[in-house]
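Here the structure is laid out as structure tokens; the discussion comes afterwards.
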Amino acid sequence: MKISRRKAVGLIGAASMLSSVSALAQSQGSASSAVTGTFDSSEIYDQIGFELVMNINVICSEPESMGPEVNAADGIRDVVWPIVGGRFSGPGISGRVLPGGGDFPVTRPDGGVIIDALYRLQTDDGYQIIIHNKGLGYAAGNGVIEGIYRLTPVFNVSGDKYSWLRESTFVATLTFPTPEKHKIPMESGQNDRLIQVFRLT
């Protein structure tokens, strides 16, 4: 059977179109497979590490009431914990916690607890460091009375000596009350907590 040149060109065009459609379908299938494929937790291309850089022993006075009403725009704000002192230390850095800051916790409508502390540190060589330490409190379990806290402190300090504080990313834990081996002298009516600060590497 003879096929005219016009029909031959048409058949070639149709075959080419079908081939293109098939290739497109295969590529989309491969992409879909990649998106919906099994998650592999070993595929970490930039592993995050961390190092303990600072222990902060924060001393607070008894909590103070925020007023006759506790409902705020972001949840329940019933007390503030005034920060009255403390000490901190780490490799190449040490000093005291300056009085005057505070922890301003809020309980969200869903029951989550937000830790929001703002205060200052002063190094033994005279630098003042602002720390804003914010994070979440989680319900305790397995017989633990106090909750678990995971924080993300941000530091600000002038000069070059401690510039690593403002140039790094940190996470922290809060242990309340402070373990015995880390306790420092306190006055009657005061309470303490241990903040352990880790720098991500």
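Surrounded by 19 or more Cβ atoms within 10 Å (Cβ to Cβ), assigned to a strand (DSSP E or B) and not β-branched (Val, Ile, Thr): is that true of GLY100 in this structure?
No: the conditions fail for GLY100.
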(request) Consider only pairs whose beta carbons are under 6 Å apart and that are at least six residues apart or on different chains; among these, list those whose first residue lies in segment 51-75 and is closer than 18 Å to GLY95 by Cβ and whose second residue is aliphatic (A, V, I, L, M) and surrounded by fewer than 18 Cβ atoms within 10 Å (Cβ to Cβ). (result) ASN57/ILE184; ILE59/MET186
(message) For the condition among the basic types (Lys, Arg) and either in contact with a helix residue (DSSP H, G or I) (Cβ under 7 Å, 6 or more places away or on another chain) or assigned to a loop (DSSP other than H, G, I, E, B) (or both), what is the one hit in LYS181, LYS161, LYS134?
(response) LYS161
(request) Within segment 49-61, identify whether any single residue is surrounded by fewer than 10 Cβ atoms within 10 Å (Cβ to Cβ), modelled with pLDDT of 55 or more and either of a type outside the set (Asp, Glu) or closer than 28 Å to GLY112 by Cβ (or both), and answer yes or no. (result) yes
(request) State which residue pairs qualify: first residue in contact (Cβ under 8 Å) with a residue 60 or more places away in the chain and inside segment 87-104, second residue part of a strand (DSSP E or B) and of a type in the set (Lys, Arg) in any location, beta carbons under 7 Å apart, and separation of 6 or more residues or different chains. (result) ARG87/ARG96
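The values are calculated or read from the model by the stated rules, or taken from the named source; none is laboratory data. Keep in mind it's a predicted model, so treat the numbers as computed, not measured. FYI the Cβ positions are ideal-geometry reconstructions off the backbone, even for glycines, and counts take in every protein chain you see.
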